[in-house]
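Below is one structure, written out as structure tokens; comments come after it.
The values are calculated or read from the model by the stated rules, or taken from the named source; none is laboratory data. From a predicted model like this one, the values you see are computed outputs, not experimental measurements. Using ideal geometry, Cβ is built from the backbone for each residue, glycine included, and neighbour counts are taken over all protein chains shown.
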């Protein structure tokens, strides 16, 4: 599995520092001393030494950027001083915005709050009686057929098939019939508010509690299966046969009883890791899966409608005002979503608060400007160098829509949480508008104002 870019960077930094700070083998510290000696800190703790940012100071830093005509007539920004716990600056926040993928912040913070960062999703094989088994989906958004090379390590059907074959052979079973159960999620698999081309063009898959490679026909390919659960079962059947178990016929849908004996199981990465992956890569399918899990966890059911109810209830419990928000999905794909900027920033704010350490994965998974995820190729234009490596933000992009929501440390150590968006960008100016958002967030990192 390839190391994440930020992990490789930390390793390199530690190696360089170690060259000057670590003890050589010739003068090794005795083992008894190693148990009590603490390594020097790589970086000093962040302190807020300078003056608090002011509305006038932040406004002056952003004034010229916010006048950029590429942003269109409907744009705004909201800035919150998380170090001192108070709003600092806002403009254009009297109305809500089409958030695009920044909506994923609301979905993922709700999943962390309802399920906890250590939660995992199990994919099971159960016995339905003599010679009959069922593959039962547990809503693992990152389940694959074979091991993937990127982070995090995934559960695979290959591992599940090997364990299932071993269990069957131990029982003297060499041939089975196969069913598959994707009933954990309910309601329409495709959101009725999405554009008609989203599924055919592979922008999203029909959401299922049982799929592999997020419903793709082949890993990393855009095209999706019309029935991801059936495709997963077909892949599992082939793997069982490779491991010496004959499958009598094509798999059929079943509803496996909860009391069915367990034959084999694989578990997903932790929810915290999944949230990091979704926000880093702006994974639409993963977000839609988590939306339905939030619905189930809050007692609203496993449909996207139940998920939205669950998200709204969870955000309210976190102290965020959802009264002016209109939400229809978990990924931000529909333009019908309308969300205030202070609500988008609020998801980041509560994740950064000392009251909610269980939400930290929302922060650690945000793309880093110029380094990884959906910000890897950004912050390269004039006026953005101060933000490189310092701005951490979720991106949002649809035609005529650009948004960023996240956080940055300014020059005095203040943690600034922000949301900035335009949903009226002239199409020919889309790259200019995106660059303007990068300049604005870079100005916050360089502010000290």
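Of the residues that sit in the range 326-352 and are more than 19 Å from the chain's Cα centre (by Cα) and not in a helix (DSSP H, G or I), which one is nearest to residue 80 (Cα to Cα)? This residue is 340. In the range 389-396, the count of residues that are more than 18 Å from the chain's Cα centre (by Cα), buried (at least 20 other Cβ atoms within 10 Å of the Cβ) and assigned to a loop (DSSP other than H, G, I, E, B) is one or more.
Taken together, 415, 366 contain a single residue that is surrounded by fewer than 24 Cβ atoms within 10 Å (Cβ to Cβ), in contact with a helix residue (DSSP H, G or I) (Cβ under 9 Å, 6 or more places away or on another chain), assigned by TED's automatic domain parsing to the domain that holds residue 284 and in contact (Cβ under 8 Å) with a residue 60 or more places away in the chain, which is 415. In the condition set (1) more than 25 Å from residue 73 (Cα to Cα); (2) touching a strand residue (DSSP E or B) at 6+ places or on another chain (Cβ under 9 Å); (3) part of a helix (DSSP H, G or I), residue 358 is compliant with all but (2). Does residue 321 satisfy being in contact (Cβ under 8 Å) with a residue 12 or more places away in the chain, buried (at least 18 other Cβ atoms within 10 Å of the Cβ) and either not in a loop (DSSP other than H, G, I, E, B) or not assigned by TED's automatic domain parsing to the domain that holds residue 168 (or both)? So residue 321 does not fit the description; no.
Among the criteria (1) buried (at least 23 other Cβ atoms within 10 Å of the Cβ); (2) not in a loop (DSSP other than H, G, I, E, B), the one residue 435 does not fulfil is (1). Output yes when any residue across the range 124-131 is under 18 Å from residue 304 (Cα atoms), in contact with a strand residue (DSSP E or B) (Cβ under 9 Å, 6 or more places away or on another chain), at pLDDT 95 or above and surrounded by 24 or more Cβ atoms within 10 Å (Cβ to Cβ), and no when none is. Checked against the condition, which is being under 18 Å from residue 304 (Cα atoms), in contact with a strand residue (DSSP E or B) (Cβ under 9 Å, 6 or more places away or on another chain), at pLDDT 95 or above and surrounded by 24 or more Cβ atoms within 10 Å (Cβ to Cβ), the range 124-131 yields no hits at all.
Report, by residue number, each residue of the range 110-146 that is on the phi > 0 side of the Ramachandran plot and assigned to a strand (DSSP E or B). Break it down into steps so the answer makes sense when it comes.
Kept after step one, since they are on the phi > 0 side of the Ramachandran plot, are these residues of the range 110-146: 116, 129, 131, 139.
Selection gives 129 alone.
I need the full set of residues from the range 361-374 which are assigned to a helix (DSSP H, G or I) and either more than 22 Å from residue 82 (Cβ to Cβ) or at pLDDT 95 or above (or both), in order please. Don't jump to the end; show me each part of the working.
The initial filter retains those residues of the range 361-374 that are assigned to a helix (DSSP H, G or I), namely 361-364, 373-374.
Of everything in the range 361-374, those that are assigned to a helix (DSSP H, G or I) and either more than 22 Å from residue 82 (Cβ to Cβ) or at pLDDT 95 or above (or both) turn out to be 361, 362, 363, 364, 374.
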